[in-house]
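In what follows, a single structure is set out as structure tokens and then discussed.
The values are calculated or read from the model by the stated rules, or taken from the named source; none is laboratory data. Predicted, not measured: the structure shown is a model, and the values here were computed from it. Please note: Cβ atoms are built from the backbone with ideal geometry, for glycine as well, and neighbour counts cover all protein chains shown.
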Amino acid sequence: MTTKKTATRVLASVLLAAALSSQGGIAIAQAPNNNHKHTAVQAVAPVTQATADVWKRHIDAWGKRDLDAIMSDYTEDAVLVLNNQTYEGRPAIRKVFTRLFEIFDQGKNHIDPPTIKDRLVYITWHFTPRAHQTVFGSDTFVVENNAISYQTIASPLYQQYPVAPH
């Protein structure tokens, strides 16, 4: 086998292992000489547990209305998109959560069990403001390196209870 083919196979094995490990799968790297006796199998820990840990910490802080703990869950340059409005960085996201606490303290909120897969957390929720009908909403979180890097929030609630502009 030529050196170029060997290098290509090694690179392909490394890329495959990296892709599988980022998905919580099993990485299989085959020796470049195509000798199956030298195939290495490496179990890669799923990232789902780390994502679940971030989610638990985040929802616990939400329940306690602990703004500092909430902010520690986000990367410095995190992006939050709420009903097509984009908030970038912790200072902007902090202002959003200050307002969200005010809104959600005016009624009762029920969060359905989360769907957690790899780096994603998806939730649906049902908020009933005092003397109003229940409003549905959803959030999606992307967790990278044990912190939330992206979050989306969608709900008609914010038409009735606007969040301050950035």
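From the list E102, E88, which one is within 18 Å of the chain's Cα centre (by Cα), loosely packed, with under 15 Cβ neighbours inside 10 Å and among the acidic types (D, E)?
Values: E102 fails: within 18 Å of the chain's Cα centre (by Cα).
E88 is the lone residue from the list that is within 18 Å of the chain's Cα centre (by Cα), loosely packed, with under 15 Cβ neighbours inside 10 Å and among the acidic types (D, E).
Is at least one residue of the stretch 29-40 assigned to a strand (DSSP E or B), loosely packed, with under 12 Cβ neighbours inside 10 Å and modelled with pLDDT of 95 or more? Outline the logic, then answer.
Of the residues in the stretch 29-40, the ones assigned to a strand (DSSP E or B) are 29, 40.
Filter once more, keeping what is loosely packed, with under 12 Cβ neighbours inside 10 Å: 40.
Cutting the leftovers down to modelled with pLDDT of 95 or more gives us none.
No, there is no match, as no residue in the stretch 29-40 is assigned to a strand (DSSP E or B), loosely packed, with under 12 Cβ neighbours inside 10 Å and modelled with pLDDT of 95 or more.
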field: Positions within the stretch 73-85 being loosely packed, with under 15 Cβ neighbours inside 10 Å and either touching a strand residue (DSSP E or B) at 6+ places or on another chain (Cβ under 8 Å) or in a loop (DSSP other than H, G, I, E, B) (or both), in sequence order
entry: D77, N84
task: Go through H132, H58 for me and flag whichever is part of a loop (DSSP other than H, G, I, E, B) and touching a strand residue (DSSP E or B) at 6+ places or on another chain (Cβ under 9 Å).
output: H132
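Run down I123, I148, I153 and say which single residue is in contact with a Pro (Cβ under 8 Å, 6 or more places away or on another chain) and either part of a strand (DSSP E or B) or at pLDDT 95 or above (or both). If you could, list the steps in order and put the result at the bottom.
Numbers: I148 fails: in contact with a Pro (Cβ under 8 Å, 6 or more places away or on another chain); I153 fails: in contact with a Pro (Cβ under 8 Å, 6 or more places away or on another chain).
After applying the criteria, what remains is I123.
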